[in-house]
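Q: Just passing along the structure, written as structure tokens.
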Amino acid sequence: MNTDLIEKIRAFVEEECKKPTSKYGYEPFPAHFVPMAEEIVPELADKLNADKEVLMIAAYLHDIGSIVHGRADHHITGAQIAEEKLQE
């Protein structure tokens, strides 16, 4: 598992949540993103025999569109942000 990549994605999401422009403030990071990645992913990966690295990245990025642009079309904006970030 590429822990450096996961840490970079985690830090990116946390930074976006900390920005004054964050649509929901910092709270979603510790209350939603971290529990998804730290608690749900290991259980889900084991249950589905899935790639834990992919699930961790998805858990951190799954609602990034909401943080940056708001809830409307967050599935589209989030996919665009994730694609750009992963290409870096």
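Quick note: the coordinates plus some simple rules give every number you see, no bench work behind them. Because the structure is a prediction, the values reported are computed rather than measured. Note that we place each Cβ from the backbone using ideal geometry, even for glycine, and neighbour counts take in every protein chain shown.
Q: Condition test on S22, is it buried (at least 19 other Cβ atoms within 10 Å of the Cβ) and among the polar types (S, T, N, Q)?
A: Here the answer is no, as S22 does not meet what is asked.
Q: On to the next question. Output yes when any residue across the range 38-50 is of a type in the set (A, V, I, L, M, F, W, C), touching a helix residue (DSSP H, G or I) at 6+ places or on another chain (Cβ under 6 Å) and buried (at least 19 other Cβ atoms within 10 Å of the Cβ), and no when none is.
A: yes
Q: Just to be sure I understand the filter: pairs with C-beta atoms under 8 Å, separated by 6 or more residues or on different chains, first member in the range 1-24 and at negative phi and assigned to a helix (DSSP H, G or I), second member surrounded by fewer than 11 Cβ atoms within 10 Å (Cβ to Cβ) and acidic (D, E). Which pairs pass?
A: These pairs meet every condition: C17/E27.
Q: Just to be sure I understand, how many residues within the range 39-81 are under 17 Å from T3 (Cα atoms) and either under 13 Å from the mean Cα position of the chain (by Cα) or part of a helix (DSSP H, G or I) (or both)?
A: Total meeting the criteria: 14.
Q: Looking at Y26, Y60 in this structure, which one is closer than 21 Å to E83 by Cβ and touching a Lys or Arg at 6+ places or on another chain (Cβ under 8 Å)?
A: So the residue among Y26, Y60 that is closer than 21 Å to E83 by Cβ and touching a Lys or Arg at 6+ places or on another chain (Cβ under 8 Å) is Y60.
Q: Another question, if that's okay. With the checklist (1) closer than 18 Å to N2 by Cβ; (2) assigned to a helix (DSSP H, G or I); (3) of a type outside the set (S, T, Y) in hand, flag the one item M36 doesn't pass.
A: (1)
Q: So, one more: Considering only residues that are in contact with a helix residue (DSSP H, G or I) (Cβ under 8 Å, 6 or more places away or on another chain) and either exposed (fewer than 13 other Cβ atoms within 10 Å of the Cβ) or aromatic (F, W, Y) (or both), look in the range 51-72 and name the one that is farthest from V13 (Cα to Cα).
A: Here the answer is D51.
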